[in-house]
């Protein structure tokens, strides 16, 4: 059975971000007591053709762009250290459960009419189409929507009247049409005179249809603004007829303008702009028809009249609820916190715009070529990569089935698939689809070094802890004990999707300072593995996590032989309608999704079981960073952490106060805590508690007389407590002694005298207040 296939797959994204316990102590000025300095010497061999490119050179007209090797001043091929650093850092980000931060944050949109049950199809069924001009009103401080009418403007009529050729080719875009029209209409203005008429044409379903449209003529009683849209896909026989049209907007009435003032309106407009081509939106805002505004198509609910969708086409694209970044933040609460440092950030450096930045403690030099197996240009290839709008792969679907009835979309509950990796392939294949063989502007030629090339280089490291050095060595040669994986292949340079760039590394320690005698590269790697097993918050071991299993499986070149790692065509070939394609995988009632990865006989699961997958936040000096983050950029995760941090600091301050206090004052604190639940209460239980504490309070006061360590500040707190009858119940100075019994009067006078004596000692007066 034909399946979705691609040259890429994904390492599942974990909810847990590992922040080492020593994160707040990393400092270039204060080395660790057990920090290690030294050099790693590495060798690199390419198993498939390799290109680490520098310049892209256009060879000439009707020729593909040639991507050249990076070379040193002598012209010898060299692998820049920055390329190697990026390759190793990505491995460590996965293995060290780092932040998923190196990604764009696009907001995608959709227009799925593959069947009548799609969400978009139901919107079309429940709505009516309107048109209008969207314009920002600086006085009202809001957007206004002025309704207008519209009609079809066939391109042959536009060309006849204006002598302007508007292309309907597959590569034509709305922006180019606007620019062509504006350039040739400068003198006469943007509007066109027309009359309403009809045309009978062969419809796209093979039957004649009557189409209301415009007829451009100088005597027309109406004036309209051309509104251009992009290419309409369809059979070639309809491209010059039924599908060869744009629109005219006319008869706008400013008095009917609708004010779009609510936050929901503003949010919808912002997301609508984000879902369209940025250059086109900018042109329509500033240059097309600035007096009128931006021409919009609006879908309103038939009954409620609520706006369901708006955009720059009759069936406008609708933005998804969430962007890529929104979903990542929902999955990794710690990802956007500048006060959390992951292992790769601590080792390779990190830049923070709102807090501490760290320099790298790992410096990778250029890898020099010591064996050149020959460099020659490849056949023309396409290096374009798919966008994350392909839901079947870039969002987690079901890992139990290769098909689903409903695709997860960019909504609140969805999850991104994770770290995109190109599994190591056995060979390089320069495939070029037939429909792209004549399109030289999208083609590239790769200057490839043949397999067997050899490079060598050095990594200088400074002040790495032993476990960090083990992590670096593991990232260079990933492996786990008990697995029969082949030697791990990294992916490096250009053309990885076509099988290029499969490389293997070896490493050895030289010139180190701080490593104990007998400690080897394997010992350090084992130390890192044991450490990750210890901190990984799961009943499973770290090496059994979905992340490590997928990472190692993708690098197993021998196991990947025979797997279909080609890009799918956009649509199925005419001679093989059963072949899988991008369009086929998203249409119909059943959607085909990127299947779970197989490694040997094992189908790798993408589900992980974590226990309390929280990342500690705000430790040590990073606590001050957390507390200084502006409220308007704090995530909920950080707000909760701040509350916990503030409570912890409060408790620490109380404990510090207790630890530094005199012995009588500690007694006072215990008495205060003991009576606090009854403060101000007039119940029998509260009265009994106060009476029971009276003797202890008096003993404390007697102890103060004999203890010279009690400070004035401590005495003031104790005095305030003892003189509060609703709290301590020790004495009430408002009571007249004559109203007391003989026994109570003796107790009252004794306590008052004791307090006056202490007051004289600390303040020089017997007056109690």
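Observations, loosely collected:
- What the Cα atoms of the chain give is an Rg and a Dmax of 36.9, 120 Å.
- At R0 = 30 Å, FRET efficiency that the Cβ-Cβ distance of residue 70 and residue 278 yields, to 0.05: 0.40
- Region 1-62 shape via C-alpha gyration tensor axes, a/c threshold 1.5: oblate
- Region 250-377: C-alpha pair distances exceeding 21 Å, %: 66 percent
- Fewest-first ordering of 556, 659, 137 by other beta carbons within 10 Å of each residue's beta carbon gives 659, 137, 556.
- Residue 32-residue 55 FRET efficiency (beta carbon distance; Förster radius 51 Å; 0.05 resolution): 0.75
- Cα→Cβ-extended label distance, 7 Å offset, between residue 709 and residue 631, nm: 4.2 nm
- Taking label points 7 Å from Cα along the Cα-to-Cβ direction, residue 197 and residue 210 give a separation of 1.6 nm.
- Each of 298, 654, 476 has some number of other Cβ atoms within 10 Å of its Cβ, and from fewest to most they run 654, 298, 476.
- Estimated purely from DSSP H runs of n ≥ 4, each contributing -39500 (n - 2.57), the mean residue ellipticity at 222 nm for the chain is -9000 deg cm²/dmol once divided by its residues.
- A Förster radius of 45 Å combined with the Cβ-Cβ distance from residue 516 to residue 321 puts the calculated FRET efficiency at roughly 0.25.
- Mean-position separation - Cα centroids, region 103-174 and region 302-369, in angstrom: 29 Å
- Between residue 306 and residue 736, the contour length at 0.36 nm per residue exceeds the Cα-Cα span by 147.2 nm.
- Reduced Cα scattering model of region 18-171, Debye log10 I(q)/I(0), q = 0.11 Å⁻¹: -0.98
- When its C-alpha radius of gyration is set against 2.2 N^0.38 Å (N residues), region 661-763 gives a value of 1.05.
- Relative counts (whole %) of C-alpha pair distances in region 182-249, using bins that are 5 Å wide: 3, 15, 21, 21, 18, 13, 7, 2, 0
- Full-stretch length increase - residue 743, residue 570 - with 0.36 nm per residue and alpha-carbon distance subtracted: 52.2 nm
- Using 0.36 nm per residue and subtracting the Cα-Cα separation, the extra length available between residue 117 and residue 763 on full extension is 224.0 nm.
- Using equal-weight Cα scatterers in the Debye expression, the normalised intensity of region 127-319 in log10 at q = 0.15 Å⁻¹ is -0.97.
- Principal-axis analysis of the Cα atoms of the chain puts helix 466-476 at an angle of about 10° to the longest axis.
- Distance (nanometres) between label positions extended 7 Å along Cα→Cβ at residue 427 and residue 82: 3.5 nm
- Convex hull volume per residue for region 291-357, taking Cα atoms only, in Å³: 203 Å³
- Out of every Cα-Cα pair that region 319-462 contains, those further apart than 23 angstrom amount to 65 percent.
- Shape call, region 541-593: gyration tensor on alpha carbons, a/c limit 1.5: oblate
- Under the criterion of Cα pairs below 8 Å and six or more residues apart, the relative contact order for region 128-238 equals 25 percent.
- Folded to 0 to 90 degrees: helix 742-763 orientation relative to the chain principal axis, Cα: 70 degrees
- Per-bin percent of Cα-Cα distances, region 1-105 [5 Å]: 2, 7, 10, 13, 15, 15, 13, 11, 7, 3, 2, 1, 0
- Helix 174-184 and the longest principal axis of the C-alpha atoms of the chain enclose an angle of approximately 60°.
- With neighbours defined as other Cβ atoms within 10 Å of a residue's Cβ, the residues 66, 148 order from fewest to most as 66, 148.
- Based on alpha-carbon atoms, the Kirkwood radius and the radius of gyration of region 84-203 give Rg/Rh equal to 1.14.
- Between region 543-617 and region 443-515, the alpha-carbon center distance in angstrom: 24 Å
- Prolate/oblate/rounded call for region 473-526, Cα gyration tensor, a/c under 1.5 rounded: oblate
Every read-out reported here was derived from the displayed coordinates using simple, explicitly stated rules and does not represent laboratory data. As the structure is a computational prediction, the values presented were derived from the model and not from experiment. Don't worry about glycine lacking a Cβ; one is built from the backbone with ideal geometry, like all the others, and counts go over all protein chains shown.
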